[in-house]
Structure formats: structure tokens, C-alpha cells
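**Q** Quick one: the structure is below, and I'll ask about it shortly.
What follows draws every value from the coordinates through simple rules; no lab data is involved. Predicted model only: the values in this text are computed from it and were never measured. So basically every Cβ, Gly included, is an ideal-geometry build from the backbone, and we count neighbours across all protein chains shown.
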Amino acid sequence: MPPAAPALAATVALLRERLGARRPRTAVLLGSGWGSFAPRLSDAVELPYADLPAFPRLGVVGHAGRLIAGRLGAVELIVLAGREHAYEHGRADAMAGAIATLAALGVLLLVQTNAAGSLDAAMPPGAVMLVRDHLNLVQQSPLVGTQGDTRFIDMTAAYDPALCNQALAAARGAGLALHEGVYAWVLGPQFETPAEIRMLALLGARAVGMSTVPETILARHAGLRVLAFSLITNMAAGLQQQALSHAHTLAAAEATGAGAVDLLATVLQALEP
Ligand code: HPA
């Protein structure tokens, strides 16, 4: 459900007060494995989602719900540590209130992160993929129920091409590997079958995961630019021997997240939005 107007207004008012003179223009949404990014912020102000009426109440292990405002070098950021997933209740608009809050605070760029399975042996666990485009295989939209012509948003360049190129250049300049490809959104919470993964490969997907796409749609609808990074935690179903599990995803993300976080920090400090 989109947030009720009073909940959104109360959330924005509280955050304006807590942010004081800070004017962050970039927000970073941290998915599984990316949690060690948050401690890199200096002068941090932190609020649990539970204090923010327009934000979701989170349940899944490994997805803490905290908003942190702080600085990375010279860049003011709002970091959202934790997202609610559509697989928890079947609704794609779980993060509508959070994204609406960012837009109301004047945020112009949403940088998303997630954990994903890889469909390409050349992109093994530990690799990071810049999302160039997505497949919304769930065929749900967080905009169902919104009104007006603005709901018919153009998704041609959903992942901002100019910022993608800056991200690639920044990674290259720092000698850090950054892959690129199409991210396929599946609802979950079950992992895919090998036949589903073969289908996704035929459709052009290079990574598969259970998040990000709804928030990209919400952010584009709110006029934000979007970048997204997938941390590869496993080869997708049928492409590795080991059975897939949430515990394995979290453990793999934990083991390789530091490199991904270095890359994210490098890119964020190089972007010129
Ligand atoms: N499939 C779907 N979501 C995922 C995967 C996967 O293989 N790995 C991490 N998130």
C-alpha cells in the first residue's frame, strides 16, 4: 500500500528535524551482504525504521531496518539498511513509503544494492554486477493503484546510462572489477528450478534475485535517478553442485561483501550526478 499521507508527512518532518542542515542528494539502499557499508559513514545519525511511520517493519534475518544519515568523504548520504521484500506478502509496493520519503527530502539518486545468483560462469560468487537493465518476471508493479498520467513511466533508461558509465570508469580507475548485465526479478521466496534458470538465460538475464525492481520503478516514478549493484553470492540453480539456501546466501555475502563495499564507496565518491 502507498503510505497514508499523515504517515509520510510525519516521517518527513521527523527526518528533516534530525537531518538539520544536511542536504543529502544520494540515498543508498543496502541489501544482503552490503551491511558493512553503513559503519563507513562519519557524523552518522541513525534511526530505526520502527520510528518512521512510512517505513516498513522488517522480519527477515539479515535485513535490519535502519536509516543512517552521514558522510562518506565529502558526499552526504542517506543509507537505508534493509528492505521489505514482495515475497513476504505478495505486494510489490512494500518500499513505497521509504522511496516517497527520500523524494520528499530532496534525494535525487537512489543507489541500490542486492545479493543475486549468477547465470554466467564468468561472473562467479564474490563478483559485483552493475545492473544495466531488468526483467520484471513477477509482472507486478508497485504503481498499481496510483493515479494520473505520471504512472505511465518510461523505463527505457531506468538504470541511468550516464551514471552507469561513471560507475564503470570509477571502478576501472581504481582497478576494481565491475561486471554489467541484466537483472531478473523473481518473487521467491523459493529459489529457482534449473529449468527456470535456463529460461532466464535465454531471456538475456545475467543475474537473478528477489528484490530491487519494485524500488527502481518507485524511484523512477518519483523522479529519482537509479543505479544498482548485485553482489553475486552463488551460481544460479543447476549451475553449481551445492543446494541453495538463504543461510548460504548470507554466509557468502558476508564472506565477500567487503570487496563489494570498497567498490561501492569508490563509485559513490566519484559520481557527479
Ligand atoms: N536466486 C534468487 N535470488 C537470489 C539468489 C538466487 O540464486 N542468490 C541470491 N539471491
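**Q** Away from the ligand (no atom under 14 Å from the Cβ), within 25 Å of A92 (Cα to Cα) and surrounded by fewer than 20 Cβ atoms within 10 Å (Cβ to Cβ): which single residue out of A201, A265, A222 fits that description?
**A** A222
**Q** Under 7 Å between Cβ atoms, at least 6 apart or on separate chains: pull out the pairs that start in the range 150-164 with a residue that is without any contact (Cβ under 8 Å) to a residue 12 or more places away in the chain and end on any residue that is of a type outside the set (S, T, Y) and not in a loop (DSSP other than H, G, I, E, B).
**A** Listed by first residue and then by second, the contacts come to nothing, as the list is empty.
**Q** Picking from T193, T156, which residue would you name as being over 22 Å from I78 (Cα atoms) and within 16 Å of the ligand (Cβ to nearest atom)?
**A** Going through T193, T156 in turn, just one is over 22 Å from I78 (Cα atoms) and within 16 Å of the ligand (Cβ to nearest atom): T193.
**Q** What number of residues within the range 225-250 satisfy the criterion of being among the hydrophobic types (A, V, I, L, M, F, W, C) and assigned to a helix (DSSP H, G or I)?
**A** Counting residues in the range 225-250 that are among the hydrophobic types (A, V, I, L, M, F, W, C) and assigned to a helix (DSSP H, G or I) gives 2.
**Q** Within the range 129-149, can you find the residues that are more than 19 Å from the chain's Cα centre (by Cα), in contact (Cβ under 8 Å) with a residue 40 or more places away in the chain and either within 18 Å of R225 (Cβ to Cβ) or assigned to a helix (DSSP H, G or I) (or both)?
**A** Result: no residue meets the conditions.
**Q** For the subset of the range 89-121 comprising residues that are hydrophobic (A, V, I, L, M, F, W, C) and either assigned to a strand (DSSP E or B) or without any contact (Cβ under 8 Å) to a residue 40 or more places away in the chain (or both), which member is nearest to G35 (Cα to Cα)?
**A** A115
**Q** Do you know which residues across the range 160-187 are part of a loop (DSSP other than H, G, I, E, B), over 17 Å from I232 (Cβ atoms) and within 18 Å of the chain's Cα centre (by Cα)?
**A** D160, L187
**Q** Here's a follow-up. Residues in the range 196-213: is at least one part of a strand (DSSP E or B) and over 15 Å from the mean Cα position of the chain (by Cα)?
**A** no
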